[in-house]
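K.L.:
My structure is below; once you've seen it, I'll send some questions.
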Amino acid sequence: MTFNSQNLSSNRKSKTFNNPERFIEGWYWAIPTNNLRVGEVKAITLLGRDLVIYRGKDRKAVTFDAYCPHMGAHLADGKIEGNGLRCSFHQWKFDREGFCVDIPCFDEPLPLKLKTWPTAEKYGMIWIWTGEVPLQPLPFIPELEAQDFDVTIISQFVTNCHPHAVIINAIDTQYFNTLKRVAAENIFEPQELNQYAITFTNNLQGRKGNYLAKLMRPFYKNDLNYSVCYWYGSTSMVTFIPNSLHLHVMFTLRLIAGGKTEGYTLLMMKKRQGMVGKLYNRLVLSLGKVLSQDFLKVDAKILEKLKFDFRTPVNTDQAIMQFINHLERQPALSWGTWQQARTSRDTETRDNRDKWRDNFND
Ligand code: FES
């Protein structure tokens with residue numbers, strides 16, 4: 001896709017970017033796959049909404065709204081029975097579609113249904129779609145789609161600024177050229193995969209004496225081909241291609257209370273066959289883990305104290321502007337309610353309309 005020159009300027013207010021009350025409708029991480037065993041139910045708060053997630057006998061992860069439709073008991077205190085969940089209070093039981101299927105004191109259950117949310121597993125994480133029906137796929141790395149791969153969790157973190165402020169680091173050329181001392185070309189090449197996903201590519205050259213470059217040197221001789229794919233403005237898949245070694249780092253983030261960020265970093269690479277292949281992957285993933293933690297340490301310190309306010313975009317921030325424009329075109333939901341977000345103008349119009357209607361009915 002070609003971008004026109006009408007980028008966001010510092011005086012045009014973005015509706016969704018860096019807004020702690022709105023988020024893009026999409027797939028968000030819930031918990032790591034290994035943290036939910038068969039027969040377990042857990043409470044989670046995802047983007048301001050209280051949910052429960054459980055794994056029944058069929059091993060499938062299921063997500064419900066957290067509170068029982070009878071009297072509001074928290075369903076995380078319930079018990080898994082087969083593929084369903086029984087509330088701890090008056091023992092009503094719900095199947096995996098959320099239908100009430102048993103009430104101990106009644107002959108027949110009531111025609112009730114709990115709110116359920118589309119749930120899937122990939123890359124060692126459980127994901128939830130924040131809408132009725134998933135409109136787009138889970139975030140994916142095209143290169144690994146038809147491949148088996150190894151994955152390791154590098155870190156879990158919480159930081160004081162908005163996910164968008166965290167995630168734009170990956171396309172911030174000044175950040176690479178100054179803080180990271182990795183020479184990035186000034187222009188990132190953008191390409192929209194669909195309404196929810198955009199990729200930026202660049203070539204990086206480790207400068208002489210750079211710690212990262214020195215450690216990576218055995219794996220590559222030429223420039224590092226670097227690409228980052230953003231999904232739903234909250235998950236980024238960063239791919240490094242030094243020669244034949246393809247490493248993928250995933251940063252998957254979500255908003256938490258106070259406009260802060262909670263996220264995971266994962267490292268992935270194509271599975272290799274045989275004992276040597278397995279050892280090779282293990283070595284590269286372990287080295288990648290150490291390097292990434294070191295690479296991100298300085299960022300963590302800066303992000304922790306950042307009062308993000310993008311007031312003065314400059315030429316080298318072009319990719320960030322393109323990312324913001326891409327975000328602003330995606331459907332947004334309101335924090336906590338997961339209802340379609342409205343602009344203040346919409347709300348004003350609706351409020352006025354309701355006022356007129358109320359007056360008319362009096
Ligand atoms: S509150 Fe859940 S069954 Fe009564």
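K.L.:
Please state which one of Gln147, Gln156 is surrounded by fewer than 18 Cβ atoms within 10 Å (Cβ to Cβ) and modelled with pLDDT under 90.
P.N.:
Gln147
K.L.:
Is it the case, given these coordinates, that Ala66 is within 23 Å of Trp27 (Cα to Cα) and within 16 Å of the ligand (Cβ to nearest atom)?
P.N.:
Yes, satisfied.
K.L.:
Is it fair to say Gln293 is modelled with pLDDT of 80 or more, part of a helix (DSSP H, G or I) and not assigned by TED's automatic domain parsing to the domain that holds Met125?
P.N.:
Spelling it out, it is not the case that Gln293 is modelled with pLDDT of 80 or more, part of a helix (DSSP H, G or I) and not assigned by TED's automatic domain parsing to the domain that holds Met125.
K.L.:
Which ones in region 75-98 are more than 9 Å from the ligand (Cβ to nearest atom), surrounded by fewer than 16 Cβ atoms within 10 Å (Cβ to Cβ) and over 14 Å from Gly39 (Cα atoms)?
P.N.:
Across region 75-98, the qualifying residue is only Glu97.
K.L.:
Can you confirm whether region 267-280 contains a residue that is buried (at least 20 other Cβ atoms within 10 Å of the Cβ), in contact (Cβ under 8 Å) with a residue 12 or more places away in the chain, in a strand (DSSP E or B) and within 11 Å of the chain's Cα centre (by Cα)?
P.N.:
Checking region 267-280: not a single residue is buried (at least 20 other Cβ atoms within 10 Å of the Cβ), in contact (Cβ under 8 Å) with a residue 12 or more places away in the chain, in a strand (DSSP E or B) and within 11 Å of the chain's Cα centre (by Cα).
K.L.:
Would a scan of region 176-183 turn up a residue that is modelled with pLDDT of 90 or more and assigned to a loop (DSSP other than H, G, I, E, B)?
P.N.:
Scanning region 176-183, I find no residue that is modelled with pLDDT of 90 or more and assigned to a loop (DSSP other than H, G, I, E, B), so the answer is no.
K.L.:
Are there any pairs, at least 6 apart or on different chains, whose C-beta atoms fall under 9 Å, with the first in region 129-145 and on the phi < 0 side of the Ramachandran plot and among the aliphatic types (A, V, I, L, M) and the second surrounded by 16 or more Cβ atoms within 10 Å (Cβ to Cβ) and in a loop (DSSP other than H, G, I, E, B), and if so, which?
P.N.:
Leu135/Glu25; Leu135/Gly26; Leu135/Tyr196; Leu138/Tyr123; Ile141/Tyr123; Leu144/Tyr123; Leu144/His246
K.L.:
Moving to a separate point now. Take the residues of region 99-119 that are closer than 23 Å to Leu36 by Cα and part of a loop (DSSP other than H, G, I, E, B): which is nearest to the ligand (Cβ to nearest atom)?
P.N.:
Among residues in region 99-119 that are closer than 23 Å to Leu36 by Cα and part of a loop (DSSP other than H, G, I, E, B), the one nearest to the ligand (Cβ to nearest atom) is Leu114.
K.L.:
For Gln136, indicate whether it is assigned to a loop (DSSP other than H, G, I, E, B), at pLDDT below 95, loosely packed, with under 13 Cβ neighbours inside 10 Å and not acidic (Asp, Glu).
P.N.:
So Gln136 does not fit the description; no.
The values are calculated or read from the model by the stated rules, or taken from the named source; none is laboratory data. What you see is a predicted model, and the numbers here were worked out from it, not measured in a lab. So basically every Cβ, Gly included, is an ideal-geometry build from the backbone, and we count neighbours across all protein chains shown.
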